[in-house]
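A.B. asks: Below is one structure. I have some questions about it.
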There are 2 protein chains.
Amino acid sequence: MVELEKIEYKPVSIRDLLVEMKNISELMIDLAYSAALFHSRELAEDVIELERHIDTLAYRLNMNVMLAARDIEEAEALLGVSAVSSAADKISDAAADIANIVLRKIGIHPIVREAFKRVEEQLIRVRVKPGSPLSGKTLAELELASKIGVDVIAIRRGERWIINPKGKDLIKPDDVLIARGTLNGVKELKKLAEEGSEAGG
Amino acid sequence: MVELEKIEYKPVSIRDLLVEMKNISELMIDLAYSAALFHSRELAEDVIELERHIDTLAYRLNMNVMLAARDIEEAEALLGVSAVSSAADKISDAAADIANIVLRKIGIHPIVREAFKRVEEQLIRVRVKPGSPLSGKTLAELELASKIGVDVIAIRRGERWIINPKGKDLIKPDDVLIARGTLNGVKELKKLAEEGSEAGG
């Protein structure tokens, strides 16, 4: 049931759209590298979904840019905004290309895996079980960075994505967390997220 | 005196080429964003130069990949390597697009600057004067990360680039350091790098 996002003109600020495109495109590179590294279809599918989202954002941004340019000077300065948004779009395409290697089940050469391996940091994708001690808490309450050395870089909630979530953002049951941290840290996060409802929490 | 790099077939490992392309393309995005943020022609020119370097690496990598594929299975796995290298190439193109906004002197809209501003971290590009206390020391000896909270992410030595330098790498007079850190940290690094030869060091 993959539907194309229906695009409507929404009066969102150009700044917000640009920041979102920039952040998502950077996240996509990380996700794509990890997808290749761990042969993860799930991560690869996330990348493809975000690529569609970037296209929607680019459309909205271009609408807004056109409506905003009122004189020659402003139009020229706004050309820079368009160039940045199209660069973010290219970056997201590149990430999608990598994700497609994984989805097409082309064997990932050990060289690629080696090139993507980061000794210091691991990326993890984990679904929060309803009974998990993470569920219903804000990131500020959980203090995952200081307690287990893990940074939540995105939350996927159904079709919605929260990129670079803030302290006030709440983790809900069935959220998918994308987080980065030390090997022990991400293991601990996985344990916490998957502590089942049977055990309560 | 811009010359195209003369490309020769050098038997470098595919892994090394891929790692270098990946690292450079990531660095280029950071440099391009900072170039736009600070209206820095120097950073923008670095990006353009690295873009040419990426093209050379891509050429060498493709040569090596073709020579390495000896049977169908290996050829298929190596397709993944090519896909990753072409993704790094796309990313570097996107970075060059952003750098070109700066070089073409199109006004950078305040929105772009705002989108690229990172409160936590600053990027700096600084040339090491011959008398600087940094000159002639290895990164391990200097301990810049722990002492002033700054991470040297690249060293440019004439036409050569050292990306993600290691502790054993030496800083030489006239090296250009590209470093990331807190505002105070990068200020301190600039001071150290520019302590002149007059004062000795």
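The values are calculated or read from the model by the stated rules, or taken from the named source; none is laboratory data. Only a predicted model underlies this, so the values are computations on that prediction, with no experimental measurement involved. All Cβ positions, glycine included, derive from the backbone under ideal geometry; neighbour counts span all protein chains shown. The area values use the complete protein model at the heavy-atom level, side chains included, leaving out ligands, DNA and RNA. Shrake-Rupley method; radii C 1.70, N 1.55, O 1.52, S 1.80 Å.
A.B. asks: If we keep just the residues of the stretch A:69-85 that are more than 7 Å from chain B (Cβ to nearest Cβ) and free of Cβ contacts under 8 Å to residues at least 60 places away in the same chain, which is nearest to B:Ala32 (Cα to Cα)?
C.D. replies: Residue satisfying both the conditions and the ranking: A:Ser82.
A.B. asks: Being open to solvent by less than 50 Å² (accessible area, probe 1.4 Å) and either more than 7 Å from every other protein chain (Cβ to nearest Cβ) or at positive phi (or both) is the filter; apply it to the stretch A:96-115 and report the residue that is modelled with the highest pLDDT.
C.D. replies: Step by step, filter the stretch A:96-115, then rank; the result is A:Ala96.
A.B. asks: Let me ask something else. Is it fair to say B:His39 is in contact (Cβ under 8 Å) with a residue 40 or more places away in the chain, surrounded by fewer than 22 Cβ atoms within 10 Å (Cβ to Cβ), at positive phi and not assigned by TED's automatic domain parsing to the domain that holds B:Ala179?
C.D. replies: yes
A.B. asks: Something else: For B:Met66, which of the numbered conditions (1) away from chain A (no Cβ under 13 Å); (2) touching a residue at least 12 places away in the same chain (Cβ under 8 Å); (3) not β-branched (Val, Ile, Thr) fails to hold?
C.D. replies: Against the list (1) away from chain A (no Cβ under 13 Å); (2) touching a residue at least 12 places away in the same chain (Cβ under 8 Å); (3) not β-branched (Val, Ile, Thr), B:Met66 comes up short only on (2).
A.B. asks: Considering the stretch A:167-189 alone, what residues qualify as being surrounded by fewer than 17 Cβ atoms within 10 Å (Cβ to Cβ) and either out of contact with any helix residue (DSSP H, G or I) (no Cβ under 7 Å at 6 or more places or on another chain) or among the hydroxyl-bearing types (Ser, Thr, Tyr) (or both)?
C.D. replies: A:Leu170, A:Lys172, A:Pro173, A:Asp174, A:Thr182, A:Leu183, A:Asn184, A:Lys187
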